[in-house]
Amino acid sequence: MFETERISPRKAAVIVGVAMIMIALCAGFAYGFIHSSLVITGNAAATVSQIQQNTPLFRAEIFSWFLILVFDIIIAGALTIFMKQIDAHLSLLGGWFRLIYAMILGIAISNLVMVSLLLSGDDYSASLPADQLSAQVMFSLSAFNSIWSLGLIIFGLHLLIIAYLILKSDFIPKFLGILLVIAALSYVLIHSMYVFLPQYETTTMLIEKILSLPMTAGELGFGIWLLIKGGKRPKKATEF
């Protein structure tokens, strides 16, 4: 699946660490800042107006999501290389789960591209009644959220494999594995509820707020550890 001979564990760890930090920054910008400020839940007209008035910002969100997609693909390969020293088969399985998640994320992003096209002012969108245009925009935004949530269930399974490998290893701090187990189960629980129990959306959002800290701590903590210490050989004691 991945070419491993030319990349050392240390180089793979640095690649994963940098990519994880970049994903956190891009996601905070794309979803935490832009998406949450432009999309007004339950108000289609206001959402359309916000996006139309901030078209460059919305396109910056789409670009940030594409960067996240690229970083996820990079992580899938580099993390497989790093974790194969623990268990080659499980690390490969974890890599495939991350790639599947990236593929689903790409499908989700296409819905944001559709919103951008709908609001671009071309002949097709200009011919649509305002209420029909707003309905199509909201449908695409809803599809983005639903498809992304489906992908995040797969992402949670990926994290569960990585957490198991960390707990199995003798050189990665065990607390990182525990944090990733919590993060993995949180992703699966929260986004299964979003996808399969949409009637409990308010409850799901509350659970997500409560679990967001350990979810972030697990991923970022592992990324920072990889960047600083991952793949480094222990120093030999000086002989006298």
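The values are calculated or read from the model by the stated rules, or taken from the named source; none is laboratory data. All of these numbers come straight from a predicted model, not from anything done at the bench. Here Cβ is always computed from backbone atoms with ideal geometry, including for glycine, and neighbour counts include all displayed protein chains. Accessible surface areas use protein heavy atoms only, side chains included; no ligands, DNA or RNA. Shrake-Rupley method; radii C 1.70, N 1.55, O 1.52, S 1.80 Å.
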Exercise. Which condition number in (1) closer than 14 Å to Leu112 by Cα; (2) open to solvent by less than 30 Å² (accessible area, probe 1.4 Å); (3) of a type outside the set (A, V, I, L, M) is the one that Gly17 fails?
Worked result: (1)
For this session: May I ask you to say which residue of Gly177, Gly156, Gly151 is closer than 19 Å to Met20 by Cβ, touching a helix residue (DSSP H, G or I) at 6+ places or on another chain (Cβ under 7 Å), in contact (Cβ under 8 Å) with a residue 40 or more places away in the chain and small (Gly, Ala, Ser)?
Result: Gly151
Problem set entry | Check on Gln52, touching a residue at least 12 places away in the same chain (Cβ under 8 Å), open to solvent by 50 Å² or more (accessible area, probe 1.4 Å), among the polar types (S, T, N, Q) and closer than 27 Å to Phe29 by Cα | yes
Seminar exercise, completed: Of the residues in segment 168-181 that are open to solvent by 90 Å² or more (accessible area, probe 1.4 Å) and under 14 Å from Met83 (Cα atoms), the one that is farthest from the chain's Cα centre (by Cα) is Asp170
For this session: With respect to Leu165, determine if the residue is over 18 Å from the mean Cα position of the chain (by Cα) and open to solvent by 70 Å² or more (accessible area, probe 1.4 Å).
Result: no
For this session: Might you check whether a residue that is of a type in the set (D, E, K, R) and closer than 28 Å to Thr216 by Cα occurs anywhere in segment 72-85?
Result: yes
Problem set entry | Residues (open to solvent by 50 Å² or more (accessible area, probe 1.4 Å) and either at pLDDT below 95 or assigned to a helix (DSSP H, G or I) (or both)) located in segment 58-84 | Arg59, Phe63, Phe66, Leu67, Val70, Ile73, Ile74
For this session: Kindly provide the set of residues from segment 139-150 that are buried (at least 21 other Cβ atoms within 10 Å of the Cβ) and among the small types (Gly, Ala, Ser), ordered by number.
Result: Ser149
Exercise. Of the residues in segment 85-102, how many are open to solvent by 60 Å² or more (accessible area, probe 1.4 Å) and either among the aliphatic types (A, V, I, L, M) or not in a helix (DSSP H, G or I) (or both)?
Worked result: 4
Seminar exercise, completed: Pairs returned, first residue in segment 128-143 that is over 14 Å from Leu38 (Cα atoms) and without any contact (Cβ under 8 Å) to a residue 60 or more places away in the chain, second residue that is in a loop (DSSP other than H, G, I, E, B) and open to solvent by less than 60 Å² (accessible area, probe 1.4 Å), beta-carbon separation under 8 angstrom, 6 or more apart or interchain, are Gln136/Leu128
